[in-house]
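Reading through the structure tokens given below for one structure.
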Amino acid sequence: MLDWTEGSSPNLEHTTLVRDHFYVFANDDHPIAHQKEVTIKELSGIPMVYLDIKEQLCSVNFFQQLFLRHHSIYNPAITATSTEGLFLEVLTGKGISILSEPVFRYTPSKIHITRISDSDAYINTNLIWCRNTTNPCVPIFVEAFSKFAQDYYSAHSTT
């Protein structure tokens, strides 16, 4: 699962399976669309389109914290209730969006994708468990699945 809360509880163990870097999704007319890379600082204050669905609401807090670490302002200005709605808002120039690499394959061709170059601009897909109450086989599974996920990700990555 995408781990928007990594490090929030000392009782939970977080094992990273895959790390996905963040990218800016912008329409043709946006100045960021034609840059190869951009920093969080350069995104400060720009209206952002974000998913306003229960599973994604914690992403707003995650991005606010990320931007704060870079002395920048995250501006979640436009909501969308689906990925398709988010792309429509971006295509019509209402804002830009920050998404991770797995979204590439669903992205309309008129949306440009620009990598965020800051080293902490990523989200981990983690296996999360409570060390004291979880089956002791979990660490064995984690090791085997980590190898599978790394091999799969390497073979199917678009970057």
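FYI, it's all coordinate maths here, none of it is from the lab. Here the structure is a predicted model, which is why all the values come from computation and not from measurement. Cβ atoms come from the backbone with ideal geometry, glycine included; neighbour counts cover every protein chain shown.
In the chain, which whole DSSP H runs stretch at least 27 Å along their own axis (Cα) and average 0.5 or higher on the Kyte-Doolittle scale? Before the final figure, lay out the partial values.
Values: long enough: none.
Membrane-span-like by this rule: not one helix.
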TODO: Read through the labelled values (1) 16.9, 53; (2) 20.9, 82; (3) 16.6, 46 and report the label of the one computed as Rg and Dmax of the Cα atoms in Å from the structure.
DONE: (1)
Task: Karplus-derived HN-Hα couplings along the stretch 101-115 (A = 6.51, B = -1.76, C = 1.60, θ = phi - 60°), whole Hz, x at Gly and Pro - done: 3, x, 7, 3, 5, 9, 7, x, 5, 7, 9, 8, 10, 10, 6
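Please report the antiparallel percentage of DSSP beta bridges with both residues in the chain, rounded to the nearest 5.
Values: 19 of 27 bridges.
Around 70 percent of the beta bridges assigned by DSSP in the chain are antiparallel ones.
Mind checking the dipole of the chain: about its Cα centre, +1 per Lys or Arg Cβ, -1 per Asp or Glu Cβ, Debye to the nearest 20?
Details: 11 positive and 17 negative charges, 11 e Å.
The dipole magnitude comes to about 60 debye.
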Task: Simple spin-label estimate for THR92 and SER119 in nanometres, 7 Å along Cα-Cβ - done: 4.1
Task: Residue exposure sequence - ILE78, ILE40 - by fewest surrounding Cβ within 10 Å - done: ILE78, ILE40
Task: Per-residue ³J(HN,Hα) for the stretch 37-42, Karplus 6.51 cos²θ - 1.76 cosθ + 1.60, θ = phi - 60°, Hz, x for Gly and Pro - done: 9, 9, 9, 4, 4, 5
